[in-house]
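Report on the following structure.
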Amino acid sequence: MGKLLIVGTVAFDEIETPFGKTDKILGGAATFIGMAASQFNVDSAIISIVGDDIPQEYLDVLSNKNIDLSGLEIVKGGKTFYWKGKYHNDLNSRETLVTELNTLADFNPVVPENYKDADVVMLGNLHPMVQMSVIDQMAKRPKLIVLDTMNFWMDNALDDVLKVIKHIDVITINDEEARQLTGEYSLVKAAKKIQTMGPKYVVIKKGEHGALLFHKDNIFFAPALPLEEVFDPTGAGDTFAGGFTGYLATTDTISFDTMKTAVIHGSNLASFSVERFGTERMEVLERDEVNKRLHQFKALTQFDIELK
Ligand code: AMP
């Protein structure tokens with residue numbers, strides 16, 4: 001069984017979409033990554049920090065998915081990271097209304113001893129120096145290091161983002177952020193430029209328009225499954241990353257072909273996550289539903305054409 005180490009936020013999210021709004025609910029990059037990865041036969045652990053205002057039932061949601069929380073620091077009297085976002089009619093664009101780092105502002109991650117030999121490390125969205133510290137603590141170079149980041153960190157700690165991405169194998173990033181990072185409008189040019197910055201593989205997420213995988217001159221595209229009901233896109237990117245890394249933690253080899261499959265698993269799981277607010281859908285997701293939708297995915301993208 002593969003071992004997946006996840007670092008990222010465990011958060012209070014408050015979300016507004018055209019279909020309704022929530023109070024503070026369970027969110028955070030590591031949360032969505034862990035829930036998605038739990039669909040695979042992997043041992044996974046989350047490293048993160050929260051305040052003791054986090055309800056026990058939120059932590060239970062994660063432990064119920066067999067995610068190891070020994071690397072989750074709970075600060076007495078501390079406040080948990082809080083993010084508030086609003087989606088407009090176009091669910092592809094969102095506005096961040098509030099980001100309160102709280103306990104995350106002084107976070108020194110500690111990798112649990114039994115995860116220092118993890119096969120895959122998923123550096124979820126948080127401060128790039130925290131991501132770097134996790135890499136530094138690994139006893140040996142993992143099979144794969146994947147990093148996700150967002151505009152908040154490029155705006156506030158760009159030099160550190162550039163430092164950490166030198167050490168990773170794969171970056172997952174959304175289209176606007178890829179443009180921001182490189183100054184290139186063309187995503188093909190942006191992906192080429194990012195490959196000179198460190199990661200050999202670049203995954204550009206385009207929300208409801210799918211995801212692109214780049215490696216040298218190879219490009220692969222996976223659509224997002226067209227859904228009748230999209231309720232809340234929050235966490236779709238992280239769910240994608242959880243499916244992507246969860247699958248790769250189970251494979252013997254890392255290649256463009258295994259990554260293509262990983263992109264499909266990531267896209268497939270993300271299609272569930274957006275069907276309800278927050279983690280609601282992922283909490284009850286069953287493996288046979290996941291498999292059934294993989295068939296839909298295959299049918300969506302398969303065609304016969306005679307080529308001369
Ligand atoms: P996604 O929709 O996949 O991009 O991720 C949404 C999640 O990211 C939410 O659950 C937030 O708690 C979390 N998040 C938002 N802003 C940040 C940030 N600056 N750093 C880390 N996590 C964040």
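Number of residues in segment 230-284 that are of a type in the set (A, V, I, L, M), assigned to a helix (DSSP H, G or I) and open to solvent by less than 10 Å² (accessible area, probe 1.4 Å): the value is 7.
Restricting attention to segment 62-105, the residues that are more than 13 Å from the ligand (Cβ to nearest atom) and either within 19 Å of E280 (Cβ to Cβ) or not β-branched (V, I, T) (or both) total 19.
Which residue is most open to solvent (accessible area, probe 1.4 Å), if the candidates are limited to segment 1-25 and must be of a type outside the set (V, I, T) and not in a strand (DSSP E or B)?
Of segment 1-25, the ones of a type outside the set (V, I, T) are 1-5, 8, 11-14, 16, 18-21, 23-24.
Those left that are additionally not in a strand (DSSP E or B): 1, 8, 18-19, 23-24.
Details: M1: 155, G8: 0, P18: 61, F19: 110, D23: 124, K24: 99 Å².
Looking at the filtered set, the residue picked out is M1.
When G51 is tested against (1) more than 12 Å from the ligand (Cβ to nearest atom); (2) within 25 Å of M138 (Cβ to Cβ), only condition (2) is not met.
Of the residues making up segment 246-277, those that are farther than 29 Å from L97 by Cβ and not charged (D, E, K, R) number 18.
Would you please name the residue that is modelled with the lowest pLDDT, looking only at residues in segment 26-57 that are open to solvent by 40 Å² or more (accessible area, probe 1.4 Å) and over 19 Å from F107 (Cα atoms)?
Step one: filter segment 26-57 for residues open to solvent by 40 Å² or more (accessible area, probe 1.4 Å), giving 41, 43, 52-53, 56-57.
Subsequent filtering for residues that are over 19 Å from F107 (Cα atoms) retains 41, 43, 56-57.
Details: N41: 93, D43: 98, Q56: 97, E57: 97.
That would be N41.
Considering only residues that are among the acidic types (D, E) and part of a helix (DSSP H, G or I), look in segment 31-77 and name the one that is nearest to the chain's Cα centre (by Cα). Steps first, answer last, please.
Step one: list which residues in segment 31-77 are among the acidic types (D, E), which gives 43, 52-53, 57, 60, 68, 73.
With the extra rule that they be part of a helix (DSSP H, G or I), the set shrinks to 57, 60.
On the way: E57: 22, D60: 20 Å.
Here the answer is D60.
Here is a yes/no grid of residues against (1) modelled with pLDDT of 95 or more; (2) within 22 Å of S267 (Cα to Cα); (3) within 14 Å of the ligand (Cβ to nearest atom):
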| position | (1), (2), (3) |
| --- | --- |
| A157 | yes, no, yes |
| N174 | no, yes, yes |
| A178 | yes, yes, yes |
| L181 | yes, no, no |
| A190 | yes, yes, no |
| K193 | yes, no, no |
| T196 | yes, no, no |
| Y201 | yes, yes, no |
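Please work out which residue is nearest to the chain's Cα centre (by Cα), limiting yourself to segment 164-192 and to residues that are over 23 Å from R141 (Cα atoms) and aliphatic (A, V, I, L, M). Within segment 164-192, the match that is nearest to the chain's Cα centre (by Cα) is A178.
Inside segment 123-146, can you point out the residues that are farther than 17 Å from F107 by Cα and in contact with an Asp or Glu (Cβ under 9 Å, 6 or more places away or on another chain)?
Going residue by residue through segment 123-146, those that are farther than 17 Å from F107 by Cα are 138-146.
Those that are farther than 17 Å from F107 by Cα and in contact with an Asp or Glu (Cβ under 9 Å, 6 or more places away or on another chain): M138, A139, K140, P142, K143, L144, I145, V146.
The values are calculated or read from the model by the stated rules, or taken from the named source; none is laboratory data. Everything numeric in this text was worked out from a predicted model, so none of it was measured. Methodologically, a virtual Cβ is constructed for each residue, glycine included, from the backbone with ideal geometry; neighbour enumeration extends over all protein chains shown. For accessibility, only protein heavy atoms count, side chains too; no ligands or nucleic acids. Shrake-Rupley method; radii C 1.70, N 1.55, O 1.52, S 1.80 Å.
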